[in-house]
Amino acid sequence: MQVAIKVDYIVEIPDSNIETITACFKKVLLLFLREFVTRIVNEFAIQYMNHETQPFTCTKCGSKSGFVWKTKHAKNTKIATIFGTIILCQMQVQCKSCGKKMYITRKLLGIASRRLMSVNTKKIFSLLGSLTSFRISEKILKMVGVKMNKMAVWRCTQEVGEKLEFDLDINERARGEADGTGVAINGIKKRGKELKVFVQEKITGGVRIAGLSIGKYEGEWDKLFEPLKSGLKAFESFLLVTDGDSAILKSIKGVKILFQRCLWHLPYQMKYYLWKDGVTRKTQEWYHILGEVFDITAIRYGVDDEKEIEAIVKAKSIRLESLILYCLQKGYTNSQSYLENARENIFTAFKNKLEGKTTSKVERVMKTVNMRIKMGKWSVNGALNAIKVRLAHYYNGFDPLEEMDQKEVQVFDAYGNVCC
Ligand SMILES: [Zn+2]
């Protein structure tokens with residue numbers, strides 16, 4: 001439908017400086033928007049009322065037709081848009097069959113009753129809150145003339161994040177990686193909580209997010225893995241690269257899960273356990289252990305011969321065993337038990353002729369998580385929801401702005417030429 005829009009205001013302005021003019025424009029923006037919305041929604045309402053049936057139904061008797069105008073100037077209602085909050089005068093109609101009076105403005109705008117904003121507006125604010133801190137969100141909005149406080153951005157992020165769900169996609173690759181990162185939590189001193197992420201590899205090469213949870217450090221991995229159980233059953237076999245406790249997945253029937261230690265992480269985690277054992281950095285012992293670990297975990301892929309694979313695994317296993325023995329003799333108990341726990345799942349991918357990697361795909365994702373999560377302190381759910389929105393945007397195609405850009409709208413000047 002075409003609607004002609006005219007705005008007519010008088011501004012009082014002290015000078016013609018561009019700063020002064022834009023400052024004035026920031027003020028009129030919402031007035032213009034209010035006119036704009038009112039004109040368009042009223043025009044649609046008038047058209048609909050001239051039709052046989054209406055795109056709304058009577059809330060009392062369910063009738064889809066036979067409405068008569070009550071008033072175009074009923075009580076006001078408040079609506080938040082990405083440009084700020086506007087107050088609209090509502091239109092009211094009456095059902096001829098049952099006599100029920102109904103406001104139709106919100107129905108036509110697609111905003112539920114008593115809700116301040118539409119679902120997509122909320123998504124846009126949630127995206128902003130997941131891209132940068134809530135404080136900076138407020139500042140950015142203020143720069144372009146939008147009054148929206150940081151708590152409101154926080155609420156949008158929470159509500160949208162809470163509803164986002166992740167799962168495996170049967171059409172993508174049968175392999176995934178899990179990893180965790182620390183989150184500073186309000187009221188918890190020291191290390192806070194750990195945010196855990198599970199990514200599934202895509203056929204096109206990238207990754208998508210298939211799971212997200214928050215819990216204790218180096219614990220509560222079941223929170224991440226439990227929701228994946230049913231999704232995993234759709235695969236014949238699945239290569240799971242993780243350093244976390246994946247015991248919960250060991251008993252799933254119908255799918256062969258190949259557990260593989262993350263070879264990329266192993267040497268880095270080793271440094272942590274060496275530190276726990278009090279081994280001084282850069283000493284002969286420290287270099288010896290790290291050198292062995294780096295070498296044992298460096299695997300040459302593309303070997304096809306069963307016997308050769310067997311021989312390589314055997315050679316590496318012997319070296320690993322003697323490294324464990326070395327730790328035992330030196331009294332490095334943390335390092336020793338770390339290697340003992342890992343040994344079972346170091347060569348899984350290699351033995352199954354699956355390409356393992358000594359680079360981590362989830363590592364890039366964790367950087368995306370950290371860039372946001374390291375800003376400030378969080379509540380447990382607050383952190384989880386914000387990261388859900390953030391990762392859904394970067395990896396799973398969540399993009400409310402694109403949705404907005406795809407609307408088929410055109411603007412013409414007074415002579416009928418297309419302006420935009
Ligand atoms: Zn009715």
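Structural remarks
Residues are listed down the side, and each one gets a yes or a no for (1) open to solvent by 30 Å² or more (accessible area, probe 1.4 Å); (2) within 15 Å of the ligand (Cβ to nearest atom):
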site	(1), (2)
VAL41	no, no
PRO55	yes, no
LYS64	yes, yes
LYS72	yes, no
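- Segment 95-135, residues that are open to solvent by 50 Å² or more (accessible area, probe 1.4 Å), within 16 Å of the ligand (Cβ to nearest atom) and touching a Phe, Trp or Tyr at 6+ places or on another chain (Cβ under 9 Å): LYS96, LYS107
- Any hit, segment 216-229, residues being in a helix (DSSP H, G or I), in contact (Cβ under 8 Å) with a residue 60 or more places away in the chain and not basic (Lys, Arg): yes
- Those residues of segment 245-256 which are touching a helix residue (DSSP H, G or I) at 6+ places or on another chain (Cβ under 7 Å) and either closer than 24 Å to ASN334 by Cβ or surrounded by fewer than 19 Cβ atoms within 10 Å (Cβ to Cβ) (or both), in sequence order: SER246, ILE248, ILE252, VAL255
- Under the condition of being within 16 Å of the ligand (Cβ to nearest atom) and surrounded by fewer than 16 Cβ atoms within 10 Å (Cβ to Cβ), the residues counted in segment 80-94 number 0.
- Scan of segment 159-181 for residues that are open to solvent by 20 Å² or more (accessible area, probe 1.4 Å) and polar (S, T, N, Q), ordered by number: ASN171
The values are calculated or read from the model by the stated rules, or taken from the named source; none is laboratory data. All values derive from a computational prediction rather than experimental measurement. Cβ: placed from backbone, ideal geometry, glycine included. Neighbour counts: every protein chain shown. For accessibility, only protein heavy atoms count, side chains too; no ligands or nucleic acids. Shrake-Rupley method; radii C 1.70, N 1.55, O 1.52, S 1.80 Å.
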